[in-house]
Every structure is written in structure tokens, then in C-alpha cells.
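Quick notes on the structure that follows.
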Amino acid sequence: MTNRMKEFQTQKTPLFVPFITAGDPSPEATVDLALALQQEGASALELGIPYSDPLADGPVIQRASLRALKNGMSLEKAIQLVSIMREKGLTIPVIIFTYYNLLLQLGEQKFFELAAQHDIDGLLVPDMPFEESKELHEACQQHDLSFISLAAPTTSKERLGEISRTAQGFLYCISSLGVTGTRTSFAKDLNRFLENAKASSQVPVLVGFGLSSREQMQQFEGKCDGFIMGSAIVKKIEELGPELVNEETKEKAIAAFSDFLSKVVPVKKVYS
Amino acid sequence: MKTVYPDSKGRYGQFGGKFVPETIMFALEELERGFLEAINDEDFKKDLEHELTHYSGRPTPLTYAGKLTERLGGAGIYLKREDLNHTGAHKINNAIGQALLAKRMGKKKIIAETGAGQHGVAAATAAARYGLECKVYMGEEDIRRQELNVFRMKLLGAEVIPVTSGTRTLKDATNEAIRQWVSAVEDTFYLIGSAVGPHPYPKIVKEFQSVIGFEAKAQYKEMHGGKLPDKIVACVGGGSNAIGIFAGFVNEDVKLVGVEAGGKGILTGLHAATMANGREGVIHGSLTYLLQSEEGQIQEPYSISAGLDYPGVGPEHAYLKFTKRVDYQCITDEEALEALNILCLEEGILCALESAHAVAQAIKEARTMSPDENMIICLSGRGDKDVHTLFEQQKEEDSHDQ
């Protein structure tokens with residue numbers, strides 16, 4: 001585990017981990033957006049790698065992926081962006097979110113080299129369930145990376161126990177069935193699921209999928225250690241896209257983005 | 001030579017597996033339990049057999065293609081007539097099997113993906129027969145190209161849902177069906193159309209298609225005093241008809257040939273020759289050979305036959321290629337069209353464009369074999385659905401001639 005990730009785990013709760021798609025609307029804008037997220041209180045960043053066939057994602061992130069792919073974004077280029085973010089002052093942990101095929105084609109060894117070179121802290125592979133990920137999980141540990149595991153409301157209690165026992169970084173608890181995207185209701189057994197997760201996990205328990213407002217997050221206060229927000233943020237970026245890539249309007253767009261964040265980030269706390 | 005796969009993790013060697021989001025794992029486990037219970041249940045087996053016999057019209061004949069054999073002057077050619085099934089192709093074997101399984105598992109709704117609409121029609125047919133609600137996901141682009149099949153599915157009471165993500169074709173329809181399945185898993189069964197997808201799907205589809213191989217084997221042996229044929233030839237898109245017919249012969253001393261769509265030729269990049277030109281990768285939850293960019297983005301395949309137009313291939317085929325048990329070859333659009341014409345003229349059978357790829361390869365190979373040898377072609381479907389494509393093709397050729 002990196003020092004950044006260790007520090008993340010000891011931060012005051014609720015933790016807040018936003019997701020953005022690398023390269024949407026442009027690689028440069030991704031750097032600016034990451035810094036704005038840190039400024040507005042993000043505890044860590046999930047950097048999504050665009051993929052042609054994102055099985056776990058809803059329409060908002062699918063569209064972001066297509067835009068980013070058109071901009072030529074790739075796993076390797078996205079990792080390289082993190083060095084630029086670091087130079088500009090990003091100190092929070094960065095977790096690379098990538099579908100397995102992209103990692104497989106890049107090669108694990110190459111991935112670990114790039115991750116070390118560009119100050120990556122974690123890896124999340126949404127289409128790699130517990131059974132398939134044992135080796136990668138161990139390899140991450142050897143390379144000081146946190147392999148982020150996911151659990152769902154449909155995950156059996158025994159399985160949840162196994163997943164959370166070996167969880168690194170944080171445990172990603174999926175709030176509802178289906179794909180990513182904002183929604184108004186969550187899985188009906190969610191509270192019990194979160195209780196079980198909290199009871200068996202050694203790392204912070206974060207809730208994600210479908211969150212779009214501070215009110216929604218308040219429902220879960222005390223039941224988890226923090227939140228992950230993706231589609232709501234990516235949707236905002238989609239709206240601001242044309243302005244973010246225009247030199248003249250860029251600053252205004254980042255300000256609008258920060259303003260939006262200040263209304264959704266659970267507890268405003270500037271990382272220092 | 002006896003092979004035991006997939007293993008408990010759904011692997012065929014390094015291929016297969018379950019590369020899916022955690023949210024689907026529960027559904028796959030439930031499916032596997034339901035499937036294993038069903039195939040060990042005598043009542044289920046009896047129901048399935050009854051439906052295959054009295055509804056779909058099995059067993060399908062094994063036809064000796066005498067004139068074609070004579071024309072080529074080589075190996076004797078037999079046709080396993082899956083084209084004579086209800087709805088016109090082998091797809092119904094799997095649709096009936098999975099729909100009965102869905103019912104046994106207490107599911108009220110099925111969802112399916114479709115490319116050209118053949119599997120969609122088979123799924124809608126089975127849903128009507130067994131009283132299940134049916135939604136078919138189909139790429140917007142395919143809906144435009146396959147208007148008549150869309151209408152057919154609607155006639156059968158299914159709802160056809162346009163998919164607008166990605167390239168709006170089969171691979172995206174499959175992604176969308178999987179995504180929707182996740183959110184409705186309690187009362188919904190995902191009826192996959194080919195021997196692809198995460199474990200246990202490739203195993204399930206093979207089980208329900210293996211009737212082709214075991215029937216063909218028994219029929220051939222009956223005709224030839226207990227002897228086996230020398231070679232089996234089948235077309236491969238996802239690979240369900242091929243894995244079905246191979247199932248009867250894979251543990252015997254019989255040569256197996258799988259035929260992929262070479263499209264306009266491998267060098268043009270316009271093809272669906274996954275095994276000739278793909279690299280190991282993950283698609284729809286399974287590790288297999290895959291047409292993809294260097295970085296791993298999935299590429300859109302091309303073939304004149306919509307049923308072979310898939311960027312991946314079933315993981316068991318990947319394994320059979322890797323272990324060299326099956327010889328995989330490519331046939332171009334042009335060769336397939338020529339073979340389709342030859343079969344029409346020599347045997348009075350209009351086969352599907354997919355099946356014509358197998359016929360074309362068989363024609364090449366029969367010539368080089370001795371008249372003492374025999375081969376079986378899996379004639380996976382009939383060509384009625386392709387008449388429009390053939391008609392357009394003919395018009396184009398005529399205009400070139402003038």
C-alpha cells in the first residue's frame with residue numbers, strides 16, 4: 001500500500017471518491033478536473049479508462065467512454081496523465097478503473113511498471129470477480145498497489161466475508177443491482193448488506209452506484225465510511241464538455257464544476 | 001483423449017471463465033445450480049425430448065448428397081439437416097432447452113440478444129410456447145437491416161428493444177442484455193444465443209446443441225454398419241452448431257473442421273475470422289480469441305452472413321484450436337455464395353449463408369479425399385431468411401455484367 005492510501009484510510013469520514021473518465025472531454029481537462037475534485041474535498045480519485053464494451057456501466061459512462069476513445073485515450077496514456085496531475089499538486093490516491101481486457105493487452109508487468117513510474121495507488125477491475133482475481137490481487141500487493149474489491153447486495157454472506165477479509169484500500173459496496181447511473185431507490189436489503197460488510201471488513205467500506213445527491217448519502221451515514229460518485233459527476237462533465245475544451249471558457253467551466261461539487265460532496269474538507 | 005472440461009471455474013484450458021461484474025455472480029451461480037439439477041432430472045430430460053420430437057421435429061435427417069458427391073469425385077458427403085428444424089435452424093434446440101430451464105427455475109420472463117434476428121425469433125418462439133414474457137435486445141443498426149425478423153418476433157409476442165450503445169450491433173445487444181439481466185435477475189432468465197458468454201453459458205448451450213452430434217453419429221453408424229465418418233465440417237460464428245455436432249465426435253478418431261467467415265478476405269480487414277486473426281482477450285465475460293485493436297478495444301467484424309458476424313468465439317472452440325483438436329479455416333463471402341448455388345443446383349437445398357461457409361470448405365476438402373471416405377456437413381439453417389440478400393447480390397452482379 002502506498003503512503004497516500006494509508007493516509008486515505010485514516011481520514012475523517014465520510015470519505016468521498018469521485019469517478020471521472022480519462023480523456024473526457026480532453027486529456028488536459030481531465031487533469032484540471034482531478035485537481036478541482038481534490039480542491040472540493042475528494043479523498044481519492046477513481047480514474048476510469050474508456051472501453052468499447054463497458055459491461056458494468058450505464059449510458060452516461062458509456063457515452064463518456066466513446067468521447068474519450070475518440071480523443072485517443074488508452075490505459076497507458078491515462079496512467080501517464082497522473083504524473084501531470086501530481087506535478088500540478090494532486091496528492092490524493094489515484095485508483096485506475098479498467099476493464100480486464102485493456103489490462104490483459106497492455107500486460108500486467110507493463111502495468112505495474114507504469115503504475116510505479118506515475119504514482120498510482122490502486123487498481124479496480126470491474127469485470128474481475130473474486131474467483132478470477134486472486135493472482136492479480138497478490139501481484140498488486142507485491143507492487144504496493146491496493147486492489148479494490150467489489151461486493152453487491154446479492155453477494156452471499158459467506159462470499160462477502162471472503163471478499164472483505166482480503167480487501168485492500170477500501171471495500172466498494174454496490175448500492176443496487178444493474179449498471180452504474182443515478183437512480184432514486186436502492187436495493188432493499190442494503191442496510192443489512194452494509195452491516196455485514198462493516199462487520200467483516202478491515203478497510204473502509206464505501207457505497208457506490210446511483211448516488212447523485214448529499215441527501216441520498218445522508219441515508220447511509222453511520223452505515224458506511226464513505227461514498228463513490230461516478231455518473232452524476234460524469235454527466236456534469238458532459239454538460240460542461242464544450243466549455244472545458246475551449247481556452248476562453250475553461251476557467252468558468254471549472255468554476256461551475258467546483259460549484260456543482262460543493263453541493264454534492266458529503267462533507268466539505270480541503271485536503272492538506 | 002477423453003477430456004473433462006470446463007473445470008469448476010468454467011475454464012477450458014486458459015479459456016472461458018467468468019469475467020463479469022460482481023452483481024452478476026449470484027445470477028450465474030443460481031443458473032449453474034438450476035442447470036445441473038435440471039439435466040440430472042429425468043422428468044426434465046423427458047420434457048425436453050418430447051418438445052424436440054413433437055414440436056421442433058427432431059430427429060432431423062442425415063441426407064446423402066449424392067449428386068454433389070459425384071460432381072466433386074471425392075469423399076462422400078452427408079448433410080445433417082438442422083435446416084429442417086422448426087423456425088429453420090439449429091437455434092431452436094438451444095432456445096427450447098433454455099426456455100424449459102427458465103420455467104423450471106421459476107422465472108417468468110426471458111431476455112435475449114440477437115444480431116440478424118435468428119436467435120431472437122427462436123427465443124420468441126420458445127417464449128410463446130412456454131408462456132414466458134420475452135424481450136429481445138437488438139442493435140439499432142441490425143433492426144434497420146433485418147426488418148422482417150423484427151416483425152416476426154413481434155408476431156410471436158416478443159418486445160424488441162433497440163440498443164443504441166457502441167456500434168449498435170450484436171456485441172452491443174449482448175452487452176445490453178447482460179446489463180438488463182443484472183437489474184432484473186430475480187424473475188428474469190437470460191437466454192443466450194450461442195456457446196459464448198460467462199460460465200456456465202458455453203456449457204449450457206453445448207449441452208442443448210449436442211443433440212445434433214449424437215443424433216448424427218447414431219444415424220451415420222446405422223447407415224454404415226457401426227462405422228464413423230472421417231470428417232465433420234461446421235461453420236463457426238459464436239460456434240453453437242459446431243460445438244453441438246463436434247460433441248458427438250470430439251472423443252473419437254474423426255477429423256473436425258470449423259469454418260469462420262473470411263468476409264471480403266482476411267487482408268482487407270473486413271472479416272469475422274476470430275481464430276485466424278484474433279488474439280486472446282475478454283468478451284462478454286469469457287476469455288477467448290477476440291478481434292480487437294492493439295490496445296484491446298473490441299473491433300466490429302464483417303461477414304455477408306449476419307450469423308457469423310461476432311468478434312469473439314465460444315471459449316471451447318478457442319481451446320479446441322489451441323490444442324489443435326479442430327482445424328479452423330476461413331471461407332470468403334464469394335466462396336460461400338458459390339457453394340450456396342452449387343448446393344441449390346445439385347441437391348435442391350437452399351441453405352443459410354452461414355451454413356454455406358461449411359459447404360464451401362467441405363467442397364474444397366472433399367475433392368482431395370478418397371471416395372472411400374465420408375464427411376458430414378452440419379447444415380445449420382435454411383436460406384429463406386437470406387433470399388433478400390441473395391436477390392440484391394444477384395442484381396449487383398447483373399449490373400456489373402452489363
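The values are calculated or read from the model by the stated rules, or taken from the named source; none is laboratory data. These numbers were taken from a predicted model, which means no experiment stands behind them. Ideal geometry is used to build each Cβ from the backbone, glycine not excepted, and the neighbour counts take in all protein chains shown.
Points to keep in mind about this one:
- Residue, modelled with the lowest pLDDT, within the range B:99-139, restricted to residues that are among the polar types (S, T, N, Q) and closer than 19 Å to B:Y310 by Cα: B:Q118
- Note on the range B:346-376: residues that are outside any helix (DSSP H, G or I) and surrounded by fewer than 17 Cβ atoms within 10 Å (Cβ to Cβ) amount to 6.
- Residues of the range A:96-113 satisfying the condition of being more than 13 Å from every other protein chain (Cβ to nearest Cβ) and either out of contact with any helix residue (DSSP H, G or I) (no Cβ under 8 Å at 6 or more places or on another chain) or surrounded by 19 or more Cβ atoms within 10 Å (Cβ to Cβ) (or both): A:I96, A:Q109, A:E113
Yes/no per residue for (1) more than 22 Å from B:G97 (Cα to Cα); (2) surrounded by 24 or more Cβ atoms within 10 Å (Cβ to Cβ):
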{"residue": "B:K108", "(1), (2)": "no, no"}
{"residue": "B:A112", "(1), (2)": "no, yes"}
{"residue": "B:A122", "(1), (2)": "no, yes"}
{"residue": "B:G139", "(1), (2)": "yes, yes"}
{"residue": "B:E147", "(1), (2)": "yes, no"}
{"residue": "B:A177", "(1), (2)": "no, yes"}
{"residue": "B:H199", "(1), (2)": "no, yes"}
{"residue": "B:S210", "(1), (2)": "no, no"}
{"residue": "B:G213", "(1), (2)": "no, yes"}
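- Selection status of B:S303, within 28 Å of A:Y100 (Cβ to Cβ) and surrounded by fewer than 22 Cβ atoms within 10 Å (Cβ to Cβ): no
- Condition broken by A:S212, with the remaining ones in (1) of a type outside the set (A, V, I, L, M); (2) under 24 Å from A:D259 (Cα atoms); (3) touching a Gly at 6+ places or on another chain (Cβ under 8 Å); (4) not in a strand (DSSP E or B) satisfied: (3)
- Residue list for the range B:4-25, restricted to those being of a type outside the set (F, W, Y) and within 7 Å of chain A (Cβ to nearest Cβ): B:K9, B:G17, B:K18, B:V20, B:P21, B:E22, B:T23, B:M25
- Some residue of the range A:217-229 being over 23 Å from A:A167 (Cβ atoms), modelled with pLDDT under 95 and touching a helix residue (DSSP H, G or I) at 6+ places or on another chain (Cβ under 8 Å): no
- Here B:Q98 qualifies as crowded, with 20+ Cβ neighbours inside 10 Å, touching a helix residue (DSSP H, G or I) at 6+ places or on another chain (Cβ under 9 Å) and of a type in the set (S, T, N, Q).
- Residue check for B:P202: in a loop (DSSP other than H, G, I, E, B), modelled with pLDDT of 95 or more and closer than 19 Å to B:A123 by Cβ: no
- Residues in the range A:76-95 that are within 14 Å of chain B (Cβ to nearest Cβ) and either of a type in the set (S, T, Y) or crowded, with 24+ Cβ neighbours inside 10 Å (or both): A:A78, A:I79.
- If you go through the range B:145-185 and keep only what is free of Cβ contacts under 8 Å to residues at least 60 places away in the same chain, closer than 22 Å to B:G238 by Cα and in a helix (DSSP H, G or I), you end up with B:V150, B:M153, B:D172, B:R179.
- Residue match in the range B:377-385 (condition: among the polar types (S, T, N, Q) and surrounded by fewer than 22 Cβ atoms within 10 Å (Cβ to Cβ)): no
- Some residue of the range A:157-175 being surrounded by fewer than 22 Cβ atoms within 10 Å (Cβ to Cβ), small (G, A, S) and in a loop (DSSP other than H, G, I, E, B): no
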